[in-house]
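Quick note: the coordinates plus some simple rules give every number you see, no bench work behind them. Quantities reported herein were computed from a predicted structural model and do not represent experimental measurements. Neighbour counts run over all protein chains shown; Cβ positions are idealised from the backbone, glycine included.
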Amino acid sequence: MTRWWPRSESQERRLGLQVVPVAQIVGSVDRTRDFDRYFRPRSPALRARWQRLAAAQRRGEAMPPIELKKVGDMYFVVDGHHRVSIAFARGFTTIDADVTEVLTRVGADGIAVRSDLLLKDHRRLFLERVPLTGDERDAVRMSNAWDYSVLAESVEAWGFRLVQESGEYLSRADVAQRWFREEFSPVIAMARDAGIMAASTDAEVYLFVACERYRLVRKHVWSPEIIDEVSEQNPRWQPGRFF
């Protein structure tokens, strides 16, 4: 089962009582060991309680609303795991819930399935290491969550070389801005002119050509010849190939 974990930079907003689609309840705040991803109880003791609640519900006894955390379009159970489990088992489409929305530092727009949450979390970590802002921040997007960590390491290595060459201290924000202007943007312009990975994001293109450049020529400089050589490797790339 997917677990939701609070972040210190998150804020919350109470939405109150709502009718929630059962299909959008995807995980638990703190009981991932007690229920599987379909909210089926894992132990005999939990199954016994499940049966008692299910029988009471069939008799028409009222059930209190469950308690949920909302992240994007997904919901995570705080209280009421058995009631959610019964709703799944009986094919209910909606359930009453007291909902609190989690307002994340990186916006929750576009979070609809579990993989979206992973992607957002890795992007958040990337932006902590490479604090881009504004349009520069929006320009760096990956479709594979794990590639964000590879890109962050690449930027940090670039920043380390820059500090060595310049002999001056540079903050993470300084490195991020200079990397985008002096490295990322020129490389993307050359790669796009060469027709490399036309269907991929700029960040995916950069990561590919940067890794292939070093693999092929063992240098950190750019030239039209290097771009030509890298472009010949284009068909071999796929998201997440660096692991």
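What nm distance separates the two modelled labels at D36 and F92, each placed 7 Å from Cα along Cα→Cβ? Simple spin-label model gives 2.2 nm for this pair.
Counting other beta carbons within 10 Å of each Cβ, put S171, S200 in order, fewest first. Please report the intermediate quantities before stating the final value.
Numbers: S171 10, S200 19.
With the fewest neighbours first, S171, S200 line up as S171, S200.
3J(HN,Hα) couplings calculated from phi for the stretch 193-200 with the Karplus curve 6.51 cos²θ - 1.76 cosθ + 1.60 (θ = phi - 60°) are, in sequence order, 4, 7, x, 7, 6, 4, 8, 9 Hz; Gly and Pro show x.
Can you pull out the chymotrypsin sites (Phe, Trp or Tyr not before Pro) in the stretch 32-65 whose DSSP state is coil and whose Cβ has at most 12 other Cβ atoms within 10 Å? Could the numbers behind the result be given before it?
Working: sites: F35, Y38, F39, W50; in loops: Y38, F39.
Filter output for the stretch 32-65: Y38.
List the trypsin sites (Lys or Arg not before Pro) within the stretch 57-101 that DSSP assigns to loop and that have no more than 14 neighbouring Cβ atoms inside 10 Å. Hits after loop and neighbour filter: R59, R90. Ranked by how many other Cβ atoms sit within 10 Å of their own Cβ, fewest first, the residues L103, L132 fall in the order L103, L132. Across all Cα pairs in the stretch 151-216, the calculated P(r) in 10 Å bins from zero up to the longest distance comes to 20, 50, 25, 5 percent per bin. Global size of the stretch 44-104: 12.7, 41 Å for Rg and Dmax (C-alpha atoms, Rg to one decimal, Dmax whole). Estimated at 0.36 nm per residue, the fully extended path between L103 and E165 surpasses their Cα-Cα distance by 18.2 nm.
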